[in-house]
Structures are given as structure tokens and as C-alpha cells.
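Below is one structure, written out as C-alpha cells, with a few remarks after it.
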RNA sequence: GCGCCGGUAGCUCAGUUGGUUAGAGCACACGCCUGAUAAGCGUGAGGUCGGCGGUUCGAGUCCGCCCCGGCGCACCA
């Protein structure tokens, strides 16, 4: 290399080369810089500034679903808050007025549970409910303070100094307001019904509070002895015709099957399927012959399981023929009927279903239809009642003696323990035909993880099929369920299947049991008149309690000293019941009822939000968007819809965006108990909030979101690429002042116009993906743009212009103008995702004098704003040029590996092209093609049959193109490295013999 | 059991109404550059598009069946 022997020449001109300069650090150093930046935001009151800047703009409110004020923030919160902030920032930049008011869900069992645990498991008898509630409030307040800082560390901007809390009197009063409204409209009922009961939590549970877990239960086949049959009973006739009829009446039984033996004491009937075929079977057990009735299809299976000997089918008949059959309860000896039910199937069991209306939903329905007694001998702890109470609850006749000791055995026993005892005694007495263990999934309490039981209790319900006769809200006179489904159809669901999911849930859901038997919550404002048992709950009492709670908080319900019942009642009602004992009832609201009321308690009651409801054409909703984990389809989304549609006729939201769960590297659901969810604040310190946010924005969150340090660190590659690409752009703007140097669009060079056209395509695609909330698609576009369009295609080519052309030349200013616009574009597109980094980038970018203090105050880029102008023709001509470049690169690479070439500037290229391509290349211009390919020259061979030309090879993918790449024989310019052929052969040769003409003119007398 | 979603390169994902040789990033290999330098550029390898069958001139794309994964509903007695 002759050039290398002239180091002095090189250093002579080095200072005239305009190399990039920037303070923007390559290393992100997020852990250190992010807190500093947030501090700066606090100082300039960025959130308030954004609010002020959007004053009067169209409102677009994302209503925050309140996280539970319990425990430290984890990755799941990070995903949730990160995406919420992303959407809010995006909509804000689009020009909407988007206040973000975070909130917390503060009541509820988990907190009460934790507080009780700290007190030794149960409430000390000396402790008042008021004191307990005080501790719960302290507990939740503590975690709100912690979580607030943890959420802020993710970079979430919002009204953190004034969030909403479900424990605030305003909130509580609004929950009561929703209840009053429902009550007034006839949705509320208090009824005795079977409910899911958690004996662990000692409370009724809603569907949303159940989790299915596997457990092992006994599966038992029990003989229920036949007793008297009705006069017209066909079965009776069947038996009478058999020779062994006497034996059958004596030793015959209905064979039932159950997996919950503890419900047998509550048995009041056996249900059969009218249309199924049943058989009367005889078999030998020990030295005894017995007879049973069961479904024909199941006989073989049961006989095999129970290892019955000498099985004989004596008769076959239809289920309907069993009408009128009676049996005697095997240990309570009560006379019970056989009934029919359509849910009886022949999949399992015996086709004869043990029916206990006190312990099953379907049983309860059957009981209602058949007017059966409802027996529920189990208390709130899941234990059988004791003594006389047990006898009473079992509804046994007064003369019942318990001579066989069943009641003695059962009393006070927990139902799970009772299972074993009952099985043993049934076996001992000969009623048990067979028992085995089965494994099945069974509903469990989501908090205590104890199996749930069905208990019939008196509870408060919201009736889902109620028809509101208010013509303004419900002109078509539809049921609430129908109106909910209709509303679902009017909202936008992301992903789209959310609509189907919640629709099917609404279609199938039962009435909503809203009462809970706990302390930590908002009381259901109902009274009971002791003498008459009358329940007092009406418009007047509701209004009174609501008003007092608004002033003093819900503690008044528990403050017997300062707030005796007389004071809580409206004066006229208090007067009316003078002399009677009126008591406050002890139920509180399901926490879901509280959270579900936020459309009113927050969106409707907060002064800042109440004026910012969403509307679009005919559609009106309380907020623009709800964004939560997809488990909220059966949680917050659903309860919000129910309460909002029932009381206002409007949807709580327009858009409903859901994310899947956060999982660990093994794909297992993250949970605190498993310890596979790391604390969010730790993650922000170790990885950086922006990197975590970047990661969340880059992956498809509609399927389970794996979150590990390794994956997020891996995402750092993409983050760094964006950072470095920006750094390259901004590094070339050290002497660029947009106010003075910006080149007008019509004066931009074609390559610069081309890259802005590509940027226009990016803006369109990126924005469209953001509008669909497909952030990962948007981010992929950006990554692609940085990697391919900018880094490989654009920046690499404009270096010569930026470094070597005259500082103030149009060609250099043109490139700088593009770089400046691109850098600006990047800060804006990245702003919703990497909130700190984008703002940092913004700081290092040359700005117009009137620029705002933060990128978060800037508007979202638009294709229509005249900067990023799409130019299809330009795109196409460059597509051809880049295709040619790819061919040259391929050949060049081969030559390099053969040791025949080094850098591109040391080679020249000759192309042969057919009649279709040649004119297009000519039109593109060979000097520009030379520039584009980073070689020292491109020539176009005019000859016809290029394949015949020696040394040419056909292009690989571009048909009609041949090429020849050879080392240049020219001398390289020591300043720009190009071998232009004019080095030293120009009028400045005396002074700059080692420079090309261009460089010599640029340098002039500066070196 | 019923339903929904997904299965494309080692990993994360694109693949428009069916239409050239299925793409991108990361990772990997090999080079180049040393003027984006704890950077940058180029080239390459890597895919029976879950499997089988069908419709079609043509299927990653449409239809049917099956396998695998995730989720929801129901699992009731």
C-alpha cells in the first residue's frame, strides 16, 4: 500500500475531515441515568406540563384498574403499568387529553387475612371490628406507598400525588351509590341459595374467586334402601311380578354414587333420568343376596368395580317407570322420594344421583322444582353443627333417637374429616357397595387454596336477568344479560377473541353473589328488625348511609359507640321502629363490587375525570380504555360492565386491551408463592426500566409473556442498535442548526429524499400498529428501519458527504437535514416505549428555538405533515440500485476472501445490463450508483451480449445484469480514500498533490 | 368432553384477497474496515412452513382428519 507510507499526509488532512462528534453516550447506563431523568421530570413538573399543553383537547382516558395494595410490585405489574403508560403517552402525543389517575384496591380478604395472621390467626375476642379495620387500613396504606415508588420507577407518568383509593370516603359512598341505584332498579335480591363457600376464608365466593386445582376425593357407591312405592308406580308392578318380590322389598336399594360423602346427611332425594334405561339387578355379597336398581348402561362397570358375584338382571325398564318410588335414608331413616332431573347422565356413577339441595346448585334447582326440603347441616367453618342444632338443621323429626350414633359421630366434624367417618360407618352397616379414590379438578378458594363447598345461605345477589323497566336506559325492555352482550359488541376488544370470551362468560354466568361475611370492606347497608326478622334496606336507608359514609367513611358502620343504629337510620325510620331492636347486618360487599364501581367512583366522581368521558359518534362510555391481564374478563371487565350497564346503560370503556400472564423460563405462570417473579424495583435497577419496557413492547403479549433477566438482557441488543443508530445520526449534527441550515425539501438530494420517504412508510406502519395496540409489530418496524434502512443502507453511504464535503455545502447540509429529521423521528417514535432514553436522545439533538423541554411534549409524527413524504417512484428506482449493490457486494466479498480486494473504494465496477435495466440504471445515474455502492467507480458497458464478455459474471438474483469487479489502478485520495482518477491531476495539484479535486477544493488553504 | 388461539431458521417473530427462489432481527461462521470503534459493513450456512390427505394450473396461505402447546368453558352427583 503506497498510501500507508504517507502517514504525514494523512494526518495533515485528518483535521479537515468532519468526523462525528457527540456527547450522547454509547453506553446506556440506565440504572444511573433513569433516576436522574425522573428527578428532572419532577423538577420541571412534566406531568402537569403535559396536562396543561393538552388543555381543551379531546379527552382520551385510560382508566387504571386498581392493583391490590398488598405486596411489592412484580413483573406482572411492570407489564401492566408499562403498557398502560405506553398507550397514554402515545395517545397524548397524538394530541388527546389523557390524564392518568392511578388507583389501588385496598379492601378485601387477602389483606384482612394477612392482618389476622399477624394477630395469630383469628381476631382476638377483645379486638373490635373497628380496630381490626384500622390495622387493615394501615397495612394497605403501607403498601400503596411502596408500590407507588415502584411503579414510578418504571417511568410511569401520572397523578401520583392524588391517586384514587377504594378506601376513601368518596369512593365508598359511590359504591353505595351504585348499590342504591341497583336496588332502586330492582336488581338486588336477598335470597337463600347455594353459593360457593370457602370454609378457609369463612365467606361466600364469587365465580371469579375460584381456582380449579386437582385433588383426590373418595368416590362411593351407596345403597339407599327401597321403601314404600306409590300406588301407580310402574316399578312396583315390575317387582310384584317377580318370584323374589318379597326379598326385593326387603333387600332392595337404589344405588347412588357420589364424590362428596359428607353431603349424604343432607340427602333428601335421588334423581333419575326419565329417558334412560334402568335395570333391577340381583347379586350375591357374602352369603347374602341383594338387589339394586341402577342405569343399565352402567351396570357392568359398577359390577366390575364392586366385584359383585352372580349378577343377574331381573328386569329392565325405563327411568320414567321409577316414578313414585320411595326410599329410606340409609342412616337418618327419613322417607325420601325419587325425582327426575335432566342433568342426570350416564357418563359416571349409577344413573341415580344423590340429591342434596343444600349443597349443590343443580340439586337446589331440583329441590325447588320438586318442593324438597333444603338441608344444610354445615356451618361457616365447614363443620357439622352440634347437638340440637344439628338435629334441627337436618330437619329430623323430634322423635329421632340417633340410636345408631350417626349424629354423635358427625357433630362438630369438618366435612373433609367426615368423608372418612361416613364411608367407614356406611361400610360397617353394609350400605357401601364400593369405594375408591378418584383424582379430579375441583374448585378452590383463590386466596386460602382450600377446597370450596356448596352451602345454602342467605346472601345478597345482583340478578343478571332482571329487566329494568326504565325506558330511558332500557328502551327495548331487555334483560340485563342481553344488554351486557349488546354492549360487548359495541366495544373494541384487543385481541379480538376477548369479545367472544367475555360474551360466553356473560351468557353462562349465574346471578352475582355480592355479600361477604368479613370485616375489611364496605358494609352492605341493611338492617334487621330482631323481633320480626324483617330486613330493612330501601331508598331512604341507602341514601342515609351513603350520605354519612361520604362524610365520615365506612367505619361508622362498625363504630357502635359514636354511631349507634338510631343515628345510622333515617330519622323517620328510626322513629317508626322505636321500641324494637334494629341491628346492623354484618355483610360487606364483594371486593369486585367495589372495583366494578370505579366507572362511577372514579370516572364519574373525580373532578378531573368526570368531564373527560369518552364519546365517538353515537357511542358513549365512561372511559376510552381498560387495559389489564386477560384474567380480568371474568374479573374487573365483567363486573364493571354489569354495574355500569345496569346503572347507566353505558359501557365503562370503548377499547379493552388484554395481556396474557407473565411466565418464567419454564413457561410456568408467575406467582409470588413460587418465587419466580422478581421484584420490579430490583429489575429496574439491574436491567433498567427502559430495557424492561422495551422488552415488553417488543414481544407479542397476547400469549404468555416469558420474563427473565436473560431474555430482557438479550433484548438489549435491539435496544443498543437503536441507540447507536441514533448516535450516528446525531453525531453528524454537531455543526447543524436546523433554524439556519435546514435544506428545503425540494433541494434535498435524491438519497436523502428517499430515506425520508422510507421514514414516511415507517411512520404509517408504526402508527397503524400502535392504533391496533400491536406494539411488537410497531417495534419490529422500527428495528428493521434502524438496522436496514438507516444503518446499512443510508448512513453507510452518506458518510463521504458528511465527512468530506465542505461543511456548508448543500450536499452535506442535505444529508444533515435528513439525519436531523430522522433523529427527531426516532425520539418521537421511541418516546412511548423507552421513556427515559427517548428523552435523553431528545436532549442531545439540535432543536429549534421554540422546542419543548421534553420529548413527551412533542406531537406524534404524521405522514401528512410534509416532512416524511412518500415517493413511490423514488422507492422503486432505489430498490433497483440497492439490488445492484447487493450483487456487487456478493462479488466483492468473494474477491476479498480470495485476497483480491479490500475495501470497496479500492475497486471499480463495470456493469452490463439488458435493454430493460440499462436505461433505468442510466436514469438513476452512475455517480450516484458509485456513491451508493461505496466503490470508486461504476461504469455501464454499452455492448449487447454481455454474457459473452470476458470477465463478467451474471447477477445472482437480478436478471439481465452482468458485472465485473476489478481493483482500481488509480491512486487513492489520502483524505477521502476514493480512487477517483483525478488525484493530483487538478489545478490545486501543487498544493494538494495527494488529494482528489473535490477534496482539494474543500480543503483549500486550510491545510 | 366442548370451544378458542397458536405450531414458519437455534431464539423472537413477519408473511397482505392462494401466485417468482418463504423473509427480518438476534445468535452462529467467515471476511472487511479501523473516520459510528466496548461501534460499523459485507457474505454465508441454517426451514420437508407440526403431520397426513384433499381442492387448485399453483397451498405457509383454503378444506378435512390427526399430533403437540396454551387458554377458556364444563367437569355436576
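For segment A:328-363, give me each residue that is over 17 Å from residue A:254 (Cβ atoms) and more than 40 Å from the chain's Cα centre (by Cα). Within segment A:328-363, no residue meets the criteria.
Check segment A:571-578 and report whether any residue there is under 22 Å from residue A:517 (Cα atoms), surrounded by fewer than 19 Cβ atoms within 10 Å (Cβ to Cβ) and out of contact with any helix residue (DSSP H, G or I) (no Cβ under 8 Å at 6 or more places or on another chain). Checked segment A:571-578: no residue is under 22 Å from residue A:517 (Cα atoms), surrounded by fewer than 19 Cβ atoms within 10 Å (Cβ to Cβ) and out of contact with any helix residue (DSSP H, G or I) (no Cβ under 8 Å at 6 or more places or on another chain). Here the helices (runs of 4 or more DSSP H) wholly within segment A:168-282 that include at least 2 residues being under 30 Å from residue A:455 (Cβ atoms) are A:169-184.
In segment A:996-1007, of all residues being more than 25 Å from residue A:889 (Cβ to Cβ) and in a helix (DSSP H, G or I), the one that is nearest to RNA strand B (Cβ to nearest atom) corresponds to A:999. Can you tell me which residue in segment A:793-817 is surrounded by the most Cβ atoms within 10 Å (Cβ to Cβ), limited to those that are within 14 Å of RNA strand B (Cβ to nearest atom) and closer than 14 Å to residue A:755 by Cα? Going through the qualifying residues, I end up with A:815. Scoring residue A:443 on the criteria (1) crowded, with 18+ Cβ neighbours inside 10 Å; (2) modelled with pLDDT of 85 or more leaves a single failure, condition (2). Got at least one residue in segment A:879-896 being modelled with pLDDT of 90 or more, outside any helix (DSSP H, G or I) and either closer than 27 Å to residue A:752 by Cβ or within 15 Å of RNA strand B (Cβ to nearest atom) (or both)? For segment A:879-896, residues modelled with pLDDT of 90 or more, outside any helix (DSSP H, G or I) and either closer than 27 Å to residue A:752 by Cβ or within 15 Å of RNA strand B (Cβ to nearest atom) (or both): absent.
Got a number for residues in segment A:3-57 being in contact with a helix residue (DSSP H, G or I) (Cβ under 7 Å, 6 or more places away or on another chain) and either loosely packed, with under 11 Cβ neighbours inside 10 Å or under 28 Å from residue A:811 (Cβ atoms) (or both)? Of the residues in that region, 11 qualify. In segment A:245-254 there is at least one residue that is in contact with a strand residue (DSSP E or B) (Cβ under 6 Å, 6 or more places away or on another chain) and either farther than 22 Å from residue A:312 by Cβ or within 16 Å of RNA strand B (Cβ to nearest atom) (or both). Quick check on my filter: what residues within segment A:193-211 are in contact with a strand residue (DSSP E or B) (Cβ under 9 Å, 6 or more places away or on another chain) and more than 19 Å from residue A:384 (Cα to Cα)? Hits for segment A:193-211 are A:205, A:206, A:207, A:209, A:210, A:211.
Within segment A:344-362, the set of residues being surrounded by fewer than 21 Cβ atoms within 10 Å (Cβ to Cβ) and in contact (Cβ under 8 Å) with a residue 40 or more places away in the chain comprises A:345, A:346, A:348, A:361.
You will find that of A:472, A:457, A:450, the residue that is more than 24 Å from residue A:633 (Cβ to Cβ) and within 16 Å of RNA strand B (Cβ to nearest atom) is A:450 and no other. Listed here are the helices (runs of 4 or more DSSP H) enclosed by segment A:4-62 that have at least 1 residues being within 15 Å of RNA strand B (Cβ to nearest atom) and within 25 Å of residue A:823 (Cβ to Cβ): A:30-43. The strands (runs of 3 or more DSSP E) located wholly in segment A:897-995 that include 2 or more residues which are within 16 Å of RNA strand B (Cβ to nearest atom) and in contact (Cβ under 8 Å) with a residue 12 or more places away in the chain occupy A:907-913, A:961-967.
One line per residue, one yes/no per condition, for (1) within 12 Å of RNA strand B (Cβ to nearest atom); (2) closer than 27 Å to residue A:426 by Cα:
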{"position": "A:217", "(1), (2)": "yes, yes"}
{"position": "A:222", "(1), (2)": "yes, yes"}
{"position": "A:227", "(1), (2)": "no, yes"}
{"position": "A:230", "(1), (2)": "no, no"}
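Scanning segment A:743-767 for residues that are over 24 Å from residue A:879 (Cα atoms) and surrounded by fewer than 18 Cβ atoms within 10 Å (Cβ to Cβ) yields a count of 1.
Has segment A:768-776 got any residue that is in contact with a helix residue (DSSP H, G or I) (Cβ under 6 Å, 6 or more places away or on another chain), in contact (Cβ under 8 Å) with a residue 12 or more places away in the chain, closer than 30 Å to residue A:62 by Cβ and more than 12 Å from RNA strand B (Cβ to nearest atom)? Looking for residues that are in contact with a helix residue (DSSP H, G or I) (Cβ under 6 Å, 6 or more places away or on another chain), in contact (Cβ under 8 Å) with a residue 12 or more places away in the chain, closer than 30 Å to residue A:62 by Cβ and more than 12 Å from RNA strand B (Cβ to nearest atom), one finds at least one in segment A:768-776, hence yes. I'd like to check something: does segment A:781-792 contain any residue that is out of contact with any strand residue (DSSP E or B) (no Cβ under 8 Å at 6 or more places or on another chain), surrounded by fewer than 24 Cβ atoms within 10 Å (Cβ to Cβ), at pLDDT below 95 and under 29 Å from residue A:997 (Cα atoms)? Taking every residue of segment A:781-792 in turn, at least one turns out to be out of contact with any strand residue (DSSP E or B) (no Cβ under 8 Å at 6 or more places or on another chain), surrounded by fewer than 24 Cβ atoms within 10 Å (Cβ to Cβ), at pLDDT below 95 and under 29 Å from residue A:997 (Cα atoms). A count restricted to segment A:681-715 and to residues that are part of a helix (DSSP H, G or I) and in contact (Cβ under 8 Å) with a residue 60 or more places away in the chain stands at 15.
Considering every residue within segment A:847-863, establish whether at least one is surrounded by 21 or more Cβ atoms within 10 Å (Cβ to Cβ) and touching a strand residue (DSSP E or B) at 6+ places or on another chain (Cβ under 6 Å). So far as segment A:847-863 goes, no, none of its residues is surrounded by 21 or more Cβ atoms within 10 Å (Cβ to Cβ) and touching a strand residue (DSSP E or B) at 6+ places or on another chain (Cβ under 6 Å).
Being within 14 Å of RNA strand B (Cβ to nearest atom), assigned to a strand (DSSP E or B) and in contact with a helix residue (DSSP H, G or I) (Cβ under 9 Å, 6 or more places away or on another chain) holds for only one residue in A:435, A:441, and it is A:435. Scanning segment A:332-365 for residues that are in a strand (DSSP E or B) and either within 9 Å of RNA strand B (Cβ to nearest atom) or closer than 28 Å to residue A:399 by Cα (or both) returns A:335, A:336, A:337, A:338, A:339, A:352, A:353, A:354, A:355. Which condition number in (1) more than 10 Å from RNA strand B (Cβ to nearest atom); (2) in contact (Cβ under 8 Å) with a residue 60 or more places away in the chain; (3) part of a helix (DSSP H, G or I); (4) surrounded by fewer than 17 Cβ atoms within 10 Å (Cβ to Cβ) is the one that residue A:740 fails? Every condition holds for residue A:740 apart from (2).
Taking the residues in segment A:501-552 that are part of a strand (DSSP E or B) and under 15 Å from residue A:594 (Cα atoms) as candidates, determine which candidate is nearest to the chain's Cα centre (by Cα). For segment A:501-552, the residue satisfying everything is A:512. Take residue A:728 and decide whether it is under 25 Å from the mean Cα position of the chain (by Cα), within 12 Å of RNA strand B (Cβ to nearest atom) and part of a helix (DSSP H, G or I). No: the conditions fail for residue A:728. Do we find that residue A:735 is modelled with pLDDT of 90 or more and either touching a strand residue (DSSP E or B) at 6+ places or on another chain (Cβ under 6 Å) or assigned to a loop (DSSP other than H, G, I, E, B) (or both) in this structure? Considered against the rule, which asks whether it is modelled with pLDDT of 90 or more and either touching a strand residue (DSSP E or B) at 6+ places or on another chain (Cβ under 6 Å) or assigned to a loop (DSSP other than H, G, I, E, B) (or both), residue A:735 comes out as yes. When the test is whether a residue is farther than 23 Å from residue A:215 by Cα, in contact with a helix residue (DSSP H, G or I) (Cβ under 8 Å, 6 or more places away or on another chain) and in contact (Cβ under 8 Å) with a residue 60 or more places away in the chain, residue A:463 passes it.
The values are calculated or read from the model by the stated rules, or taken from the named source; none is laboratory data. Please read these numbers as outputs of a predicted model, since none were measured by experiment. Every residue, glycine among them, receives a Cβ derived from its backbone with ideal geometry; neighbour counts consider all protein chains shown.
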